[in-house]
Every structure is written in structure tokens, then in C-alpha cells.
Amino acid sequence: MDLEIWVENFIVIAMFFYVAAFLLYTVRIVRGPTVPDMVLAIDALSYDLAAFLVVLSVLFRSPIMIPSALVLVLWAYALDIYVAKYLESKELGE
Amino acid sequence: MASVVEWALVIVGQVLVAIGVFCDIVAAILMIRFPNFYVRLHALTIGSVGGAFIPMIGVAFIAAGSPFLGPYRWFMVGAAIVVAIIEFILAGAGTHAIARATHRSRAVEVYPKVVDHLEEDKLREGSE
């Protein structure tokens with residue numbers, strides 16, 4: 001079997017599982033009873049979207065998709081820190 | 001025709017990506033099923049380490065063994081490893097920050113609980 005077709009078929013199959021996981025995370029974001037629950041689900045969704053972008057870069061043969069995953073991870077971390085600061089001191093700083 | 005080394009790299013990478021997909025589905029189901037915030041932290045750990053760190057390392061292996069990706073595939077290997085390590089550090093740090101802030105601000109009630117040493121320490125500090 002050809003290596004290229006083998007890799008492409010594998011990633012196309014993995015895509016369906018990733019999309020199913022994203023839908024389940026979205027259910028928790030919408031239903032989350034408190035703000036920390038929603039932030040937790042958004043974190044998990046962002047990290048898995050970053051991994052999904054890295055996996056898709058092989059399928060689309062575009063190396064430029066990987067640094068965008070890095071930006072997404074940094075934004076998820078910024079959201080964590082801002083929400084944590086807001087919960088503790090009820091202000092966002094200067 | 002691809003060589004044996006390339007096939008071996010691709011198979012190792014695909015095993016890692018398959019582990020990542022499995023952890024991802026498990027974390028998503030547990031995020032729905034777990035009862036409260038402090039238990040859902042465990043689901044986030046599965047999703048951020050097993051579901052994001054491991055498949056990124058797997059993509060580095062796949063890219064190293066795929067000549068059809070062209071001359072930029074070594075850039076993909078390096079970038080995937082860098083993103084994986086940064087994600088591994090930031091996920092733990094961010095989760096710790098939000099768990100600590102939630103406990104200190106009492107945004108979520110700790111229930112059911114057996115023992116809560118952090119709360120006992122805070123009460124003791126307040127009484128002295």
C-alpha cells in the first residue's frame with residue numbers, strides 16, 4: 001500500500017472522533033452550571049482544537065497551521081489567568 | 001516505494017495519534033458525566049495531556065516519516081514538538097491557577113467532601 005494514501009485515510013478517520021469530542025465539550029460549555037465549569041470546558045476544547053490543527057496540517061500539507069495552534073494554546077492560558085484573577089480579586093488589573 | 005524506516009516512523013506516530021483520539025473521546029464523555037467542578041479537573045487533565053500532548057508528538061513522528069510532505073516537513077517536526085512542550089507546561093499551570101482561584105473565592109461549593117485541609121488552614125489563620 002502507498003504510504004501517502006495510508007496516512008491520509010488514517011487522518012480522515014481520526015477527524016470524525018475529534019469532531020464528536022468537540023460536540024460533547026460544547027454541550028458542557030452551554031450547560032455548565034457555574035463560570036469555572038465553562039472555563040474548564042473551553043480550555044479542554046482549545047487544547048484539543050490545537051491538537052486537531054496540528055493533525056490537519058499533515059492532511060493539508062501546510063506547515064503554517066502549526067504556529068497557529070501555538071497561538072490558540074497561549075490564548076487559552078490567558079483566559080485561565082484572567083478568569084482566575086477575576087474570581088480572586090473581582091477586578092482584571094490595569 | 002517508501003523505506004522500512006519511514007513506515008516504522010509513520011506507524012509509531014499513528015499509534016500515538018490513536019492514543020490521543022481515545023483519550024480525547026474519554027475526556028469529552030467524562031466532562032459530561034462527572035458531577036462537579038473539582039472532579040471535572042481530572043477530565044481536563046486527560047484531555048490536555050493524553051488528548052493534546054501525545055498526538056502532537058505523534059504528528060512529529062508522522063511528518064518525519066512522510067517524504068510526500070516536501071522539504072518543509074522537518075519544520076513541521078520541530079514546530080509540533082515545540083507546540084507540544086509549551087502546551088504541556090501551560091495546561092498544568094492554567095488548570096492549577098483556575099482551581100486555586102475557584103477554591104479561594106468559593107465560586108463552587110465543595111460538596112460532597114470528606115476533608116478540606118485548605119479551608120481548615122484558612123479558618124485557623126482567621127481565628128488567630
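The values are calculated or read from the model by the stated rules, or taken from the named source; none is laboratory data. Not measured: the values here are computed from a predicted model. Reconstructed Cβ throughout: ideal geometry from the backbone, glycine too, with neighbour counts over all protein chains shown.
Tabulated data
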item: Yes/no for A:P33 being closer than 30 Å to B:Y72 by Cα, without any contact (Cβ under 8 Å) to a residue 12 or more places away in the chain and facing chain B (nearest Cβ under 9 Å); result: no
item: Close pairs from segment B:104-128: first surrounded by 10 or more Cβ atoms within 10 Å (Cβ to Cβ), partner part of a helix (DSSP H, G or I) and charged (D, E, K, R), Cβ under 8 Å, at least 6 apart; result: B:R104/A:E88; B:S105/A:E88; B:V108/A:D37; B:V110/B:E119
item: Residue in segment B:101-108 that is more than 8 Å from every other protein chain (Cβ to nearest Cβ), among the β-branched types (V, I, T) and either part of a helix (DSSP H, G or I) or under 17 Å from B:L44 (Cβ atoms) (or both) present; result: no
item: Conditions (1) hydrophobic (A, V, I, L, M, F, W, C); (2) facing another protein chain (nearest Cβ under 9 Å); (3) outside any helix (DSSP H, G or I); number of the one not met by B:A93; result: (3)
item: Count of segment B:2-52 residues which are aliphatic (A, V, I, L, M) and either farther than 20 Å from A:V55 by Cβ or within 7 Å of another protein chain (Cβ to nearest Cβ) (or both); result: 18
item: Among (1) under 14 Å from the mean Cα position of the chain (by Cα); (2) facing another protein chain (nearest Cβ under 7 Å), the one test that A:L79 misses; result: (2)
item: Verdict on A:L45 being more than 7 Å from every other protein chain (Cβ to nearest Cβ) and part of a helix (DSSP H, G or I); result: yes
item: Residue ID - surrounded by the fewest Cβ atoms within 10 Å (Cβ to Cβ), chosen from residues in segment A:2-29 that are more than 20 Å from B:A60 (Cα to Cα) and touching a residue at least 12 places away in the same chain (Cβ under 8 Å); result: A:T26
item: Single residue of segment B:77-90 satisfying the filter (within 7 Å of chain A (Cβ to nearest Cβ) and over 27 Å from A:L92 (Cβ atoms)) that is surrounded by the most Cβ atoms within 10 Å (Cβ to Cβ); result: B:A80
item: Residue within segment A:20-29 that is at pLDDT below 95 and part of a loop (DSSP other than H, G, I, E, B) present; result: no
item: Pick from segment A:30-61, criterion among the aromatic types (F, W, Y) and within 15 Å of the chain's Cα centre (by Cα), ranking: surrounded by the most Cβ atoms within 10 Å (Cβ to Cβ); result: A:Y47
